[in-house]
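What follows is a single structure, written as structure tokens, with notes after it.
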Amino acid sequence: MSPEKQEALFNKYPDIFRERSWSPQETCMCWGLEMDGGWYDIIDSLCANLTLLKRYTGLEIVFRQTKQKLGTLRVYWRLDTFPVSATHEEQKIWWNIVEALVGEAERCSAQTCEITGEYGELCVSESGWYKTLCKEEAKKGGCITLDEYRKRREEAEKDKS
């Protein structure tokens, strides 16, 4: 992500990104947002939801790492503070709520071009790297959709037989 977009998120959600200035021995957040800028809106929306959750419940979430892995967004996080009176069962429910919000952001990234933010599909480069891209960016990068990649592999296997 561009330094400008990254800094905008860090400034807008300082509590969520509080580990950004910690050392690599303490957190992976020190490397920043390890993805292109097309997912800015997804991360912004996730952070807005988590901030709203904190405002009404006291629940504090801190991101440990955010990156692209196998073509989709990955957010590694921890719960820093539970609501004061939360029982163990309620804590599990809060955990599941945060997990659902993060999971939805990660699923959304699987259909969003990491570069442009437009609709995208999971693609594979000639070197085997996965990335979610719109048709234009896939073409620029010499990537093919995962479906096309699978078809080519099946055909290659048939040719070997």
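The values are calculated or read from the model by the stated rules, or taken from the named source; none is laboratory data. Bear in mind that the values here come from a model prediction, so they are computed numbers and not experimental data. Cβ sites come from the backbone with ideal geometry, for glycine too, and all protein chains shown count toward neighbours. All accessible areas refer to the heavy atoms of the entire protein, side chains included, with ligands and DNA or RNA removed. Shrake-Rupley method; radii C 1.70, N 1.55, O 1.52, S 1.80 Å.
Overview of values
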quantity	calculated
Hits in the stretch 28-40 - residues which are surrounded by fewer than 21 Cβ atoms within 10 Å (Cβ to Cβ) and either of a type in the set (Lys, Arg) or in contact with a helix residue (DSSP H, G or I) (Cβ under 6 Å, 6 or more places away or on another chain) (or both)	Gly32, Gly37, Tyr40
When residues of the stretch 41-58 are limited to those that are open to solvent by 10 Å² or more (accessible area, probe 1.4 Å) and touching a Ser or Thr at 6+ places or on another chain (Cβ under 9 Å), the one nearest to Thr72 (Cα to Cα)	Ile42
Of residues in the stretch 63-97 being among the hydrophobic types (A, V, I, L, M, F, W, C) and within 14 Å of the chain's Cα centre (by Cα), the one surrounded by the fewest Cβ atoms within 10 Å (Cβ to Cβ)	Leu70
Test: residue in the stretch 132-142 that is over 24 Å from Met29 (Cα atoms) and β-branched (Val, Ile, Thr)	no
Sole residue being free of Cβ contacts under 8 Å to residues at least 40 places away in the same chain, charged (D, E, K, R) and over 30 Å from Val124 (Cα atoms), chosen from Arg55, Arg18, Arg74	Arg55
Residue list for the stretch 135-161, restricted to those being aromatic (Phe, Trp, Tyr) and under 16 Å from Glu114 (Cβ atoms)	none
Search result, residues across the stretch 128-151 that are part of a loop (DSSP other than H, G, I, E, B) and either in contact (Cβ under 8 Å) with a residue 12 or more places away in the chain or open to solvent by 90 Å² or more (accessible area, probe 1.4 Å) (or both)	Trp129, Cys134, Gly141, Gly142, Cys143
Search result, residues across the stretch 108-145 that are within 19 Å of the chain's Cα centre (by Cα) and either at pLDDT below 90 or hydrophobic (A, V, I, L, M, F, W, C) (or both)	Cys108, Ala110, Cys113, Ile115, Leu122, Cys123, Val124, Trp129, Leu133, Cys134
